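Undergrad: The structure's right below; bear with me while I get my questions together.
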Amino acid sequence: MANNHKWGMVIDIDKCTGCQACVVACQSENNIPINTEDLVLQRRAFQWIRIERYWEGTYPDIKARFMPILCQHCENAPCEPVCPVYATYHNNEGLNVQVYNRCIGTRYCANNCPYQVRFFNYWEPEWPEELKSQLNPDVTVRSRGIMEKCTFCVQKIRRAQVEVEQRDGEAIDDEQLRTRNLNPACVQACPSDVLVFGDFNDPNSRVAELSHDERHYKLFEHLGTDPNVIYLKKIDLEAEDEDHH
Amino acid sequence: MQEATKLGDKKINDDLLANIFGSERRYWLVCGFLAMGVGAFALAAGYMIVTGLGVTGLNRPVFWGFFITNFVFWVGISHAGVMLSAILRLTKAEWRRPATRAAEIVTVFSLFTALMMPVIHTGRPWRIIYWFLPYDFQRMIWPNIRSALVWDPTAINTYLTCSILFVFVALIPDLAVIRDRSTGIRRLIYSGLSLGWRGTSQQWKLQMMAGVLLSALILPIFVSVHSIVSFDFSMAISVKGWHTTIFAPYFVIGAVHSGVSAVVTVLILLRFLFRWEDYIKPDHLDALGKLLAVVGTAWFFFFALEFLYGIYGAEPDEIALRTTQLFSMPWGAMFIAFLITGYFFPVPMWLFRSVRRSMFWMTITTISVNIGMWLERFLIIVPGLMRKQDLSFVWNVYSPSIVEITIVLGTFCLVLLGVLLFAKAFPLIPLYDIKEGEVLQGEVTVGRAKVPAAFHEE
């Protein structure tokens, strides 16, 4: 790889309104099976990105807290060493990738993921006839019996490398990602600019800048997973002493 | 010590080979019943593989449930084999004689069954070959040796190979006896299997040495197999109830607890089925009962330590897990049932000599232990996943589906049927070992008379 990338995301909790646009965008970009009522009741729904909603305080003085959670693409990912067939591994661009063809479905990776962002195809996924032509040709349609998870829309990253770096001979920066629609689907869909995607190795990128924000923290930092997703803490003027995650 | 009558070689041969040359009706009835259970198992497993794991009660985040519990349980049962054959052989415990082969056979069949569990439990069992064998040479992709799931089959396959060798070496002289008593095609088969055994002193010497050597070689496996099975859990940094260093010894001693109990249950069943009252005596159960009381208490010590270490740090996620285990239904009820059936009922019972010598009470207590030990594994595996981390938004519950329950019950039939069918072709009590025992037999004084003892004690 000519350019040394380290893809990552910064999530500003303070801006999140819990609108779920990212969830829907992800669903349609990545050929994620339809979350039917049945699937949700079985607690097997697929949400590569989800908004966790927590209530703080007691009625009537109550606040809703939203937390978008997706694969953290840990540098030291607990899911990777436990896979007996190397179906999940770390690539040299900071991505935790899942190789569907290798996966045999032991589900050990999902057990060992502290963020619970891995999803198992318990059933053969099915789409209504009219939705079949909506499937994204750039993304594998998974079969039953394998794990799947957020890829940081790796198909878009690859397209960026082909179109921007190889064809046009330019560097991939924030501007290129935005103008050529190459950001992950959730980032594009977010109306309040909560999610910022970019290259940590590019000193001019927004993610590199935001990662030094005084509000930054990583989810479950004590586990030593070293995620490539950085959160910015909620600003709460009324909170007396809010404890860290 | 109980008195016994000298049986003589001929009676021993006749009694112990009776089932091979003609089975009683009760044998076939029990086999038929078990075969129905195995049929249900096969149907359920086939249905699950064809339809997908959706038919189980598994969800997110409880990705492992009944099958992995059952896997750990059967690997645990298999520890009886080494415990009874290798360790008791090396320590020259005379009372082991009638129990050894049954224990080894239980080992072999429970290991087969245990191996089956993770295989049918994968999403794509037809690709399982990628798990066990190196593949894709061109791209240099090998099974991931960092994964506890690669250590697992390695350890279990080693154990299985050793156990089969162990059983076979011990069987050779008995196979020769069957060969000498049979005709036709059967004679041909047993001739092949007995490897030209003539019973010369040289052959006996080699057979003895092989037995002792295999016993010594199998000892490390005794410690390693269940330690490695426990690594499946203790290596998982993300699951609170799993990630603890005490798991290896805790699992090993728990395995012996459930394994030896299972062998007692099986021995009593065999005694009933094949009328082996002359061979499996209250004295043997007495000795096994004493062993069990010690092993059970050692296991309980580790259990208490594990629990204490868990709550000592008082971390919120650990407390959430323990609260679920203890105080939420149905887990709390299961926890109490586990404590009673696994320890507080059977072990105090074994302190009474009359219980240890009673077939009825030993059956009840040993089955109770295995109910408890099954629940123990279940209570480690499932609540740990239900309360994996602080993200309480995705906490979830698990309840098994009918398919899972059928498969789990079916495995019990499978192991028992395996043992019984084995008994149709091979003697489950080693003939020569009993004969040797008779030669070594001590004497006990009953009133003024001196009579042979049930087994020799130094």
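The values are calculated or read from the model by the stated rules, or taken from the named source; none is laboratory data. Predicted model only: the values in this text are computed from it and were never measured. In this analysis, Cβ positions are derived from the backbone assuming ideal geometry, glycine residues included, and neighbour counts consider all displayed protein chains.
Undergrad: Say we look at region B:150-160 and pick out the residues that are within 21 Å of B:Trp242 (Cα to Cα) and surrounded by fewer than 21 Cβ atoms within 10 Å (Cβ to Cβ); which of these is farthest from the other protein chains (Cβ to nearest Cβ)?
TA: Going through the qualifying residues, I end up with B:Ala155.
Undergrad: For residues that are in a helix (DSSP H, G or I) and in contact with a helix residue (DSSP H, G or I) (Cβ under 8 Å, 6 or more places away or on another chain), tally how many sit in region A:24-36.
TA: Residues in region A:24-36 being in a helix (DSSP H, G or I) and in contact with a helix residue (DSSP H, G or I) (Cβ under 8 Å, 6 or more places away or on another chain): 5 in total.
Undergrad: Within region B:235-243, is there a residue that is buried (at least 19 other Cβ atoms within 10 Å of the Cβ) and in a helix (DSSP H, G or I)?
TA: Checking region B:235-243: not a single residue is buried (at least 19 other Cβ atoms within 10 Å of the Cβ) and in a helix (DSSP H, G or I).
Undergrad: Restricting attention to region A:4-18, does a residue exist that is part of a loop (DSSP other than H, G, I, E, B) and either within 10 Å of another protein chain (Cβ to nearest Cβ) or touching a Lys or Arg at 6+ places or on another chain (Cβ under 9 Å) (or both)?
TA: yes
Undergrad: Quick one: in region B:88-118, of everything that is surrounded by fewer than 19 Cβ atoms within 10 Å (Cβ to Cβ) and at pLDDT 80 or above, which residue is farthest from the other protein chains (Cβ to nearest Cβ)?
TA: B:Phe112
Undergrad: Select from region A:64-89 the residues that are closer than 17 Å to B:Asn144 by Cβ and aromatic (Phe, Trp, Tyr) and list them in ascending order.
TA: Scanning region A:64-89 gives A:Tyr86, A:Tyr89.
Undergrad: Is it the case that region B:54-66 has a residue that's of a type outside the set (S, T, N, Q), free of Cβ contacts under 8 Å to residues at least 12 places away in the same chain and out of contact with any helix residue (DSSP H, G or I) (no Cβ under 6 Å at 6 or more places or on another chain)?
TA: yes
Undergrad: (1) within 17 Å of B:Leu165 (Cα to Cα); (2) buried (at least 17 other Cβ atoms within 10 Å of the Cβ); (3) not hydroxyl-bearing (Ser, Thr, Tyr): which one isn't true of B:Ala216, the others all being true?
TA: So B:Ala216 meets the others, but not (2).
Undergrad: Please tell me if A:Tyr54 is over 19 Å from A:Cys26 (Cβ atoms) and at pLDDT below 90.
TA: So A:Tyr54 fails the test.
Undergrad: What do you reckon, is B:Met48 under 17 Å from B:Val108 (Cβ atoms) and surrounded by fewer than 24 Cβ atoms within 10 Å (Cβ to Cβ)?
TA: Against the criterion (under 17 Å from B:Val108 (Cβ atoms) and surrounded by fewer than 24 Cβ atoms within 10 Å (Cβ to Cβ)), B:Met48 does not qualify.
Undergrad: Name the residue, out of A:Asn101, A:Asn136, A:Asn92, that is closer than 27 Å to A:Glu52 by Cβ, out of contact with any strand residue (DSSP E or B) (no Cβ under 9 Å at 6 or more places or on another chain) and surrounded by fewer than 19 Cβ atoms within 10 Å (Cβ to Cβ).
TA: Checking each option against the conditions leaves just A:Asn136.
Undergrad: Which one of these does A:Ile69 not meet: (1) in contact with a Ser or Thr (Cβ under 8 Å, 6 or more places away or on another chain); (2) touching a residue at least 24 places away in the same chain (Cβ under 8 Å)?
TA: Result: A:Ile69 fails condition (1) only.
Undergrad: Going through B:Ser23, B:Ser85 one at a time, which residue ends up being buried (at least 20 other Cβ atoms within 10 Å of the Cβ), more than 30 Å from A:Leu39 (Cβ to Cβ) and away from chain A (no Cβ under 14 Å)?
TA: Going through B:Ser23, B:Ser85 in turn, just one is buried (at least 20 other Cβ atoms within 10 Å of the Cβ), more than 30 Å from A:Leu39 (Cβ to Cβ) and away from chain A (no Cβ under 14 Å): B:Ser85.
Undergrad: Oh, and also: Would you call A:Gln166 under 14 Å from the mean Cα position of the chain (by Cα), at negative phi and not in a loop (DSSP other than H, G, I, E, B)?
TA: no
Undergrad: I'd like the residue in region B:1-19 that is closer than 13 Å to B:Leu431 by Cβ and of a type in the set (A, V, I, L, M, F, W, C) and, out of all such residues, is modelled with the lowest pLDDT.
TA: This residue is B:Leu7.
Conditions tested, residue by residue: (1) crowded, with 20+ Cβ neighbours inside 10 Å; (2) under 18 Å from B:Ile20 (Cα atoms); (3) at pLDDT 75 or above.
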site: B:Ile405; (1), (2), (3): no, no, yes
site: B:Leu414; (1), (2), (3): yes, no, yes
site: B:Pro430; (1), (2), (3): yes, yes, yes
site: B:Gln441; (1), (2), (3): no, no, no
site: B:Lys450; (1), (2), (3): no, no, no
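Undergrad: Still on this structure, I have one more. Suppose we filter A:Tyr122, A:Tyr100, A:Tyr108, A:Tyr86 for residues that are among the hydroxyl-bearing types (Ser, Thr, Tyr) and in contact with a Cys (Cβ under 7 Å, 6 or more places away or on another chain); which single one remains?
TA: A:Tyr108
Condition check ((1) part of a helix (DSSP H, G or I); (2) under 29 Å from B:Ile371 (Cα atoms); (3) among the aliphatic types (A, V, I, L, M)) across all residues:
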{"residue": "B:Trp28", "(1), (2), (3)": "yes, yes, no"}
{"residue": "B:Ala35", "(1), (2), (3)": "yes, yes, yes"}
{"residue": "B:Leu43", "(1), (2), (3)": "yes, yes, yes"}
{"residue": "B:Asn59", "(1), (2), (3)": "no, yes, no"}
{"residue": "B:Trp64", "(1), (2), (3)": "no, yes, no"}
{"residue": "B:Val82", "(1), (2), (3)": "yes, yes, yes"}
{"residue": "B:Leu88", "(1), (2), (3)": "yes, yes, yes"}
{"residue": "B:Pro98", "(1), (2), (3)": "yes, yes, no"}
{"residue": "B:Arg101", "(1), (2), (3)": "yes, yes, no"}
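Undergrad: (1) buried (at least 19 other Cβ atoms within 10 Å of the Cβ); (2) out of contact with any strand residue (DSSP E or B) (no Cβ under 7 Å at 6 or more places or on another chain): which one isn't true of A:Arg142, the others all being true?
TA: Of (1) buried (at least 19 other Cβ atoms within 10 Å of the Cβ); (2) out of contact with any strand residue (DSSP E or B) (no Cβ under 7 Å at 6 or more places or on another chain), only one is false for A:Arg142: (2).
Undergrad: Then there is this: Could you tell me which residue of region B:283-301 is nearest to the chain's Cα centre (by Cα), considering only residues that are farther than 14 Å from B:Met83 by Cβ and among the aromatic types (Phe, Trp, Tyr)?
TA: Within region B:283-301, the match that is nearest to the chain's Cα centre (by Cα) is B:Phe300.
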